[in-house]
Amino acid sequence: MRLTVFWDRMNSQFGEDYAASVAKDYVLADIGGRTVNQALAAGEDVKVIWKAVCEAFDVPDSLR
């Protein structure tokens, strides 16, 4: 998954403002107790991060 696709999906799920907030503030256990932004900065695979977001927020199948 490309980073642009990841952000498109985040924005589709949450809206631009809330997506940025989720990425900055919400700690996800499935990516080592880090936020999306921390995991991205650490070089975590974007697909792994998106899967963690999907699990935490019950993202609909159409965006998975």
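The values are calculated or read from the model by the stated rules, or taken from the named source; none is laboratory data. Model, not experiment: these values are computed from the prediction. All Cβ positions, even for glycine, are placed from backbone atoms using ideal geometry, and neighbour counts span all protein chains on display. The area values use the complete protein model at the heavy-atom level, side chains included, leaving out ligands, DNA and RNA. Shrake-Rupley method; radii C 1.70, N 1.55, O 1.52, S 1.80 Å.
What does the charge dipole of the range 1-52 about its Cα centre add up to, to the nearest 20 debye, if the Cβ of each Lys and Arg holds +1 and the Cβ of each Asp and Glu holds -1?
Numbers: 6 positive and 7 negative charges, 30 e Å.
Roughly 140 debye, rounded to the nearest 20.
On a 0 to 90 degree scale, rounded to 10, what angle separates helix 16-25 from the longest Cα axis of the chain?
20
Mean residue ellipticity at 222 nm from the helices of the chain, using -39,500 (n - 2.57) per DSSP H segment of n ≥ 4 over the full residue count, to the nearest 500 deg cm²/dmol? All intermediate terms of the calculation are to be shown ahead of the outcome.
On the way: 4 runs with 40 residues, N = 64.
Taken over the chain, the calculation gives -18500 deg cm²/dmol.
Could you work out the relative contact order of the chain? I mean the mean sequence separation of Cα pairs under 8 Å and 6+ apart, divided by the number of residues, in percent. Walk me through the numbers before you get to the answer.
On the way: 51 pairs, mean separation 18.5, N = 64.
In percent, rounded to a whole number, it is 29.
Compute the accessible area per residue over the chain, keeping the other protein chains in place, probe 1.4 Å, unit Å².
Values: 3970 Å² over 64 residues.
Per residue, the chain has 62 Å² of solvent-accessible surface.
Test of the criteria: in the range 1-53, which trypsin sites (Lys or Arg not before Pro) are in a DSSP loop and have at most 15 other Cβ atoms within 10 angstrom of their Cβ?
Qualifying residues, ordered by number: 2.
Amide H to amide H under 5 Å from residue 34: which residues, 5+ apart in sequence or cross-chain, H placed 1.01 Å off N in plane?
It is 28, by chain and number.
Give me the Debye-computed log₁₀ of I(q)/I(0) at q = 0.14, 0.17, 0.20, 0.28 Å⁻¹ for the chain, equal point scatterers on Cα only, no solvent, two decimals.
Here log10 of I(q) over I(0) equals -0.32, -0.48, -0.69, -1.47.
Which percent of the accessible area of the chain is formed by carbon and sulfur heavy atoms (probe 1.4 angstrom)?
Working: 1850 of 3970 Å².
The nonpolar share, carbon plus sulfur, comes to 47 percent.
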